[in-house]
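Since the structure comes first, as structure tokens, the remarks are kept for the end.
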Amino acid sequence: MHVIVTGGSSGIGLAVAKLYAARGARVSLLARDMGRLEAARAQIAALPGVDGAFIRTAAVDVGSAGQTMEAVKLCEASFGPCDILIASAGIVEPCAFDAMPESVFDEQISINVLGTANAVRSVYKGMKSRRDGRIMMISSGAALIGIFGYTAYCASKSALEGFAEALSAEAGASGVKISICFPPDTMTPQYRREISLRPREAEILMGSVKPWSAEAVAAKIVHGLDRGKQRIHFGFSLTALAFFGPLIKPPLLWWFSRKTRKIFGEEGDLGLADTAEQGFDSDK
């Protein structure tokens, strides 16, 4: 079995790659930074029972269709056709829309949406011809509700849901299985940087929920793929949003609007607002 993982040098992608490598799969890791790729390769090769010869790396910007296609061809030349694609490459740069540079917005769309599409395009035709293959797109809980400061990220991760659903309709008769998952905050190097940039307004909505470990998220993803699940959700809150979003989001967003108005000056200074809301916050 050959598993290709984009964004495989760290975080969820690396954790998924470790699980498949431990099963004896041939694993190809794609990411932008060769140094981090080699460090990831060394981590996987050090796992008990893993043969380092069955791990391949390729430095590539998945935002480039040509680079991605060429990298996948090289990986398949080494390890055979791709059986499972994990499209995990992604980037998040929280910032209010009117303060976000165009380049920052565009990069998130390029990596998160076009990067996923480029990876899928690189393996999809071959999977269809063999009438076999699995594709997992890594979306986010941010695809389920709009979050202050996450305009580009929410847009890009929401787009993946539509892409996966439409592609699944096209792939249904070909034997290729399309899946998507919506992870919560996950403790990764990128998450640590994201937290340092996250606006206070976003914290109001997202609360102080403890992030999942990359290993826990990866285990749920792999288990879901084993069971042939098309959609994978994490935790009660995100699952409720996924299934009951039209009912849950209007009052939640109304509460968020009311909360931010109080905190940021429309109804008094910050100290008074915090005191007025103290009963709610104590339940977090």
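Just so you know, all these numbers are worked out from the coordinates, no wet-lab data involved. All values derive from a computational prediction rather than experimental measurement. Here the Cβ positions follow ideal geometry from the backbone for every residue, glycine too, while neighbour counts run over all protein chains shown.
Remarks
- For segment 140-199: relative contact order, % (alpha-carbon pairs under 8 angstrom, 6 or more apart): 39
- Principal-axis tilt of helix 11-22 within the chain, Cα atoms, nearest 10 degrees: 30
- Relative contact order (%) - criterion: Cα under 8 Å, at least six apart; region: the chain: 17
- Helix 115-130 and the longest principal axis of the Cα set of the chain meet at an angle near 40°.
- Percent of Cα-Cα distances greater than 20 Å, calculated over segment 1-148: 47
- Full-extension gain in nm, Ala42 to Lys125, via 0.36 nm per residue minus C-alpha separation: 26.7 nm
- Estimated from helices alone, the mean residue ellipticity of the chain at 222 nm is -17000 deg cm²/dmol (sum of -39500 (n - 2.57) over DSSP H runs with n ≥ 4, per residue).
- In range of the label at Leu253: residues from segment 184-207 whose backbone nitrogen is under 19 Å from the point 7 Å along Cα→Cβ: 201-207
- Rounded to the nearest 10 degrees, the inclination of helix 235-263 to the longest alpha-carbon principal axis of the chain is 40 degrees.
- Length gained on full extension, Asp33 to Glu170, computed as 0.36 nm times the residue gap minus the Cα-Cα distance: 46.0 nm.
- Cross-link pairs Lys157/Lys249; Lys73/Lys128; Lys18/Lys128; Lys177/Lys249; Lys157/Lys229 - those with Cα-Cα distance over 21 Å: Lys18/Lys128; Lys177/Lys249
- Gained length - Asp226 relative to Ser64, 0.36 nm times residue gap less alpha-carbon distance: 55.3 nm
- Kirkwood Rh, angstrom, the chain [1 / mean 1/r, Cα pairs]: 19.8
- Relative packing of 127-136, 17-26, which averages over residues the other C-beta atoms within 10 Å, highest first: 17-26, 127-136
- Sorted peptide list for 236-246, 57-67, criterion being average Cβ within 10 angstrom, highest first: 57-67, 236-246
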